[in-house]
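Undergrad: There's a structure below that I have some questions on.
No lab work stands behind these numbers, since they all come straight from the coordinates. Since the model is a prediction, treat every value here as computed from it, not as a measurement. Cβ placement follows ideal geometry from the backbone for every residue including glycine, while neighbour counts extend to all protein chains displayed.
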Amino acid sequence: MIFISRNFINKFLSLIVYFIFLALVILFSYYSFIREKEYIYKEVDHKILAIAQSLPLLLSDDFHDRASSANSITNQEFKANMEKLSQMTKSFKVDYVYTCIKRNNSMFITSGNATDNEIKTGVNLIHYYDPYIEATPSMLKAFDTGKILFVENTDHWGTFRNVLVPLKSPNGSIYMSGVSISLYKIEQYLRESFIEHIIFGVGLFIISLPIFLWRHRRITKLAYSDTLTQLPNRYAFQKLATSALNLCKRDSRPFVLMFLDLDGFKTINDTLGHSIGDKLLIKVSNRLESILRESDIPSRQGGDEFVIALPNTDLDGASFVAEKILDEIAKPYIVDTRTLNVTFSIGIAHFPNDGIDLENLSKKADIAMYEAKKAGRNCFRISGNTE
């Protein structure tokens with residue numbers, strides 16, 4: 001049970017790790033986007049504040065004092081002011097740049113962005129006092145507190161993020177410079193940022209997917225393959241052979257199980273070292289695979305023990321395969337300039353005479369393999385056949 005649990009973990013570990021990785025990427029992207037959203041709002045506030053604070057530099061110091069008196073601002077001066085404000089609006093990509101005053105607890109726009117038609121016709125340019133009836137209480141209060149105010153408000157032009165900077169004219173009267181940017185533009189920045197985060201996440205997914213698939217195949221291969229010979233390991237053989245046996249049961253077809261043990265391998269391993277022994281095992285497994293059909297299921301069980309399942313094979317066919325294996329394996333091997341010789345002792349059990357499940361077939365094949373050892377090795381024995 002422990003063995004199966006470990007292979008289960010090996011099989012799905014990379015999948016679990018990958019989904020954890022993707023979850024972390026999504027969480028990171030979400031957190032990053034939230035921080036980006038905060039950053040964008042801060043950047044917007046810094047931007048509009050800097051514009052509002054520089055706005056008085058565009059107007060003469062006494063402009064607002066003079067603007068309160070009729071005919072004190074010439075059409076030429078106001079037109080020049082409007083052009084400056086309009087240019088600032090376009091350059092900094094905001095919606096409105098203006099100054100405003102308070103009269104009788106009402107806000108008036110004193111220097112707004114004139115339209116092209118207003119500049120052309122001169123309408124409203126001399127005394128550009130438009131009452132702003134949608135001013136919020138906090139906007140009006142800013143005239144009295146003297147503190148910079150950031151506020152969002154909705155009027156008939158839309159919803160805006162505003163900054164109002166209280167200032168004093170030379171005669172001591174309070175006016176405010178203001179800048180407005182529509183929330184639509186801010187949301188557009190956020191959409192662009194969101195798209196960037198989506199592209200980042202998708203790109204990371206596309207890049208990481210091949211790595212995950214490679215790692216998943218690698219781990220799956222390690223979970224099911226013998227690390228030395230790359231043959232199916234004990235766990236993989238159990239699954240493959242059981243599945244093949246069940247198909248043979250269903251269709252009433254023959255099934256053979258072979259147990260193979262290398263003769264003389266222990267002596268080679270002990271005298272020449274494990275490195276030579278491992279290389280020899282690899283060569284043996286390669287020869288073994290070259291003999292078998294694609295439907296046959298070879299496996300290294302550990303050490304010098306191998307097992308082969310032969311679906312759709314009767315005893316005559318199994319005897320033929322065993323003879324081929326004995327002949328091929330007995331041929332000399334060249335390992336690191338050394339010539340080595342090993343042979344197989346093979347035990348054969350067949351379904352259904354020797355058992356109807358893999359466990360009983362394995363026991364009978366193992367017993368038959370020891371009979372082959374007793375018979376002098378380099379031979380095979382069939383379960384129930386003492387010859």
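Undergrad: What length, rounded to one decimal in nm, is gained on full extension from K363 through to N286, with 0.36 nm per residue of separation minus their alpha-carbon distance? Don't jump to the answer; show the numbers that get you there.
TA: Details: separation 77, 0.36 × 77 = 27.72 nm, distance 2.60 nm.
Difference between extended and current length: 25.1 nm.
Undergrad: OK, next. For segment 286-343, run through the GluC sites (Glu not before Pro) and keep only the ones in DSSP coil with at most 15 other Cβ atoms within 10 Å of their Cβ.
TA: Of the GluC sites (Glu not before Pro), the ones in loops of segment 286-343 whose Cβ has at most 15 other Cβ atoms within 10 Å are E294.
Undergrad: Which order do peptides 329-339, 135-145, 308-318 fall in by mean Cβ count within 10 Å, highest first?
TA: The packing order, highest mean first, is 308-318, 135-145, 329-339.
Undergrad: Pairs K141/K185; K324/K364; K90/K141; K279/K364: which exceed 25 Å Cα-Cα?
TA: K141/K185; K90/K141; K279/K364
Undergrad: Report the full-extension gain for the segment K79 to I356: residue separation times 0.36 nm, less the Cα-Cα distance, to one decimal in nm.
TA: Taking K79 through I356 to full extension adds about 89.4 nm, to one decimal.
Undergrad: Still on this model: Which value results when the Cα radius of gyration for segment 213-357 is divided by 2.2 N^0.38 Å?
TA: It is 1.10.
Undergrad: Next up: Please list the non-local residues whose amide H lies under 5 Å from the amide H of T313, H modeled 1.01 Å from N, same-chain partners needing a gap of 5 or more.
TA: F255, V256
Undergrad: Any idea which of L240, P298, S285 is furthest toward the positive side of the dipole for segment 223-304, if Lys and Arg beta-carbons carry +1 and Asp and Glu beta-carbons -1?
TA: Working it through, the farthest residue towards the positive pole turns out to be L240.
Undergrad: Taking the Cβ of V163 as the centre, find all other residues whose Cβ is under 10 Å away and add up their charges (Lys, Arg: +1; Asp, Glu: -1).
TA: Summing Lys/Arg as +1 and Asp/Glu as -1 gives +1.
Undergrad: Please give me the summed charge of the neighbours of L340: other residues whose Cβ is under 15 Å from its Cβ, Lys and Arg +1, Asp and Glu -1.
TA: 0
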